[in-house]
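Below is one structure, written out as structure tokens; the observations come after it.
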Amino acid sequence: MTSNNPILESKRTIFSYSLLWILFGIIHVGLLIQYSNLPFYIILPDGIIHILTFALLGIGVWYIVQYNTLQAKDLYGIIINHLAAASVVIVIWLGVGFGLMSILITGMDLYEEYFMMALTWRVGMGFVYYSLISMVYYMLLYSKKLQERNIEQISLVNLVKEAELNMLKWQLNPHFLFNSLNSISSLTLSEPEKAHEMIILLSDFLRYSLSFSKNEETQLKKELENIESYLEIEKIRFGDKLQTSFSVEKNALSLNIPNLLLQPLYENAIKYGVQDSNNVVNIVTIAKVIDNELHVSVCNPFEKESQSRKGNGVGLRNISDRLNLMYGQKATIISKAEDNIFCVNIIIPQKSIK
């Protein structure tokens with residue numbers, strides 16, 4: 001924790017502190033006028049000197065408050081320390097005030113008599129001043145602690161969020177890499193030229209993935225370009241059996257989407273649609289803008305009889321978790337199977353759409 005006095009941290013706090021002591025000064029002078037027989041030429045400098053002196057001493061009270069917060073082990077220790085410190089501060093306050101008044105005014109005998117008569121009252125006021133400024137310091141101290149704790153909690157949440165996002169992304173990438181390497185392995189003996197082409201495409205795809213690993217969002221246009229690279233890899237494996245079509249609104253291309261979010265959808269479409277079918281399979285992608293939201297749908301036919309359709313839902317679950325981490329409940333993912341067509345609809349909120 002910093003040892004800097006919070007009163008001196010900014011012009012605003014210095015101004016507020018000064019106003020507080022001006023208020024105390026007005027009260028001090030008012031009480032002297034009301035309850036003493038001293039002439040005004042003595043009352044005014046007495047009030048100014050004593051208030052100004054305690055205001056300066058009050059700046060040092062911060063270090064007493066800070067020491068007790070850090071070092072005191074119990075409430076009784078804090079009380080004893082403050083009583084001792086307050087006594088020292090009051091002795092210095094009264095001594096400096098009396099000394100300065102003896103220099104500035106004439107008729108010191110009258111003032112000295114009054115000073116001794118009002119000594120108990122002044123000591124009581126000194127304890128009041130000390131208590132008030134100590135309370136102010138404690139409030140500032142604990143307010144600052146609370147702010148620091150909130151900042152630490154926010155930082156911790158962000159770190160955890162980033163770690164979870166990285167875990168979710170890298171949970172998907174090895175799965176795709178495993179499938180691609182299997183495809184390359186199967187092509188190596190039968191069609192080595194296609195295997196070579198697939199290695200180059202895979203290299204480009206992974207280079208894209210790594211280049212965006214530090215960015216949470218990218219434009220839909222770039223994400224779809226990456227998807228096309230992925231699909232080119234799979235088309236080498238499945239040939240004409242795999243067909244794709246894209247219907248994307250122009251104003252949707254510049255909108256933001258979590259990078260590498262869509263790739264698992266196409267991976268699932270190929271695994272459960274193309275791989276399990278003997279027919280030509282067309283994967284349809286639709287992207288449009290509705291009410292300041294990006295709507296993306298990926299649909300593919302599937303065989304009802306196929307048992308692999310069940311799967312374990314890792315891809316969709318990871319997409320859902322990632323959307324939840326990034327957007328909370330503002331983002332939505334809905335999947336449905338109807339008439340041998342499986343569709344996944346993703347809705348992503350946008351900050352602003354021009």
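Its relative contact order, with pairs defined as Cα atoms under 8 Å and 6+ residues apart, puts the range 238-349 at 27 percent. Comparing mean-square fluctuations of ASN318, ASN292, ASN256 from a GNM of the chain with C-alpha springs under 10 Å, the top value falls on ASN292. The simple spin-label model puts a point 7 Å past each Cα toward its Cβ; for ASN292 and ARG149 those points are separated by 3.5 nm.
Annotation: aspartates and glutamates with alpha-carbon distance below 14 angstrom to LYS288 (same-chain offsets under eight excluded): GLU249. Positive end of the dipole of the range 6-152 (Cβ unit charges, origin at the Cα centre): among GLY30, TRP62, ILE43, the Cα lying farthest that way belongs to TRP62. Against the main long axis of the alpha-carbon atoms of the chain, helix 75-104 sits at an angle near 50°. Computed across the chain, the Kirkwood hydrodynamic radius from all distinct Cα-Cα pairs reaches 27.1 Å. Within the same chain, aspartates and glutamates fewer than 8 places from LYS194 are excluded, and of the rest, those with a Cα less than 19 Å from its Cα are ASP204, GLU228, GLU232, GLU234, ASP240. Rounded to the nearest 20, the Cβ-based charge dipole of the chain about its Cα centre (Lys and Arg +1, Asp and Glu -1) stands at 160 debye. Take every pair of alpha-carbon atoms less than 8 Å apart whose residues are at least six positions apart; their mean separation over the length of the chain yields a relative contact order of 11 percent. Extension gain for ASN345-ARG12 works out to 114.6 nm (0.36 nm per residue, less the C-alpha to C-alpha distance).
Read-outs throughout are calculated quantities, based only on the coordinates presented, and are distinct from any laboratory measurement. In this text, all values refer to a predicted model and were calculated from it rather than measured experimentally. Positions of Cβ are generated from backbone atoms using ideal geometry, with glycine treated the same way; all protein chains shown enter the neighbour counts.
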